[in-house]
1. Can you tell me which condition Leu85 does not meet? The list is (1) among the hydrophobic types (A, V, I, L, M, F, W, C); (2) part of a strand (DSSP E or B); (3) touching a Gly at 6+ places or on another chain (Cβ under 8 Å), and all the others hold.
2. Pairs needed: first member in segment 1-18, under 12 Å from Lys86 (Cα atoms); second member anywhere, open to solvent by less than 50 Å² (accessible area, probe 1.4 Å) and part of a loop (DSSP other than H, G, I, E, B); C-beta distance under 7 Å; at least 6 residues apart or different chains.
3. With within 30 Å of Ser123 (Cα to Cα) and in contact with a Cys (Cβ under 7 Å, 6 or more places away or on another chain) as the only criterion, which of Ala60, Ala78, Ala96, Ala91 stands out?
4. Filter segment 39-82 for residues that are among the β-branched types (Val, Ile, Thr) and assigned to a loop (DSSP other than H, G, I, E, B) and give the result.
5. Can you pull out the residues in segment 20-33 that are out of contact with any Cys (no Cβ under 7 Å at 6 or more places or on another chain) and not in a loop (DSSP other than H, G, I, E, B)?
6. Condition first: of a type in the set (Gly, Ala, Ser) and in contact with a strand residue (DSSP E or B) (Cβ under 7 Å, 6 or more places away or on another chain). Now tell me which residues in segment 56-88 satisfy that.
7. Checking the conditions here, which among Gly102, Gly41 is over 12 Å from the mean Cα position of the chain (by Cα), on the phi > 0 side of the Ramachandran plot and open to solvent by 70 Å² or more (accessible area, probe 1.4 Å)?
8. Out of segment 58-99, which residues are among the basic types (Lys, Arg) and surrounded by fewer than 15 Cβ atoms within 10 Å (Cβ to Cβ)?
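The values are calculated or read from the model by the stated rules, or taken from the named source; none is laboratory data. Here the structure is a predicted model, which is why all the values come from computation and not from measurement. Note: ideal-geometry Cβ built from the backbone for every residue, glycine included; neighbour counts use all protein chains shown. Side chains included, ligands, DNA and RNA excluded: accessible areas come from the protein's heavy atoms. Shrake-Rupley method; radii C 1.70, N 1.55, O 1.52, S 1.80 Å.
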Amino acid sequence: VQLQACGGGLVQAGGSLRLSCAAYGGTSTSYTMGWFRQAPGKEREFVSGVSWSGGVVDYADSVKGRFTISRDSIRNTAYLQMNSLKLEDTAVYYCAASTILGVTRIRNRYNYWGQGTQVTVSS
């Protein structure tokens, strides 16, 4: 499975962006999908995840209420809608796919990773 993330960019604080993650070479319906981010000098951290059915979602406390994860099984694509962006949301965002059932926040439980897309929030 190959994952391709896109949708990053430069946005002012309070603005919105939508990230997309397309899966190729397999079917994303078989995988839990997750989004992680990594800011300069920091560890890669969990942002959000969605189960294979789309019925279970999880969010890091720092983004809860501002970000929404979803998936389109027909298009084999996962999305991360990011609203009310803050300066501290600036990071490279990675999408990932896991073969385990259920949503996990544990990075090494994800088997496949996209290349990352830069999100920069300015004041």
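1. Result: Leu85 fails condition (2) only.
2. Val11/Leu85; Ala13/Leu85; Gly14/Leu85; Gly15/Leu85; Ser16/Leu85; Leu17/Gly7; Leu17/Gly8; Leu17/Leu85
3. Result: Ala78 is the single residue among Ala60, Ala78, Ala96, Ala91 that is within 30 Å of Ser123 (Cα to Cα) and in contact with a Cys (Cβ under 7 Å, 6 or more places away or on another chain).
4. Of everything in segment 39-82, those that are among the β-branched types (Val, Ile, Thr) and assigned to a loop (DSSP other than H, G, I, E, B) turn out to be Val56, Val63, Ile74.
5. Passing the criteria: Ala22, Ala23, Tyr24, Ser28, Thr29, Ser30, Thr32.
6. Ala60, Ser70, Ala78
7. Sole residue among the options that is over 12 Å from the mean Cα position of the chain (by Cα), on the phi > 0 side of the Ramachandran plot and open to solvent by 70 Å² or more (accessible area, probe 1.4 Å): Gly41.
8. Hits for segment 58-99 are Lys64, Arg75, Lys86.
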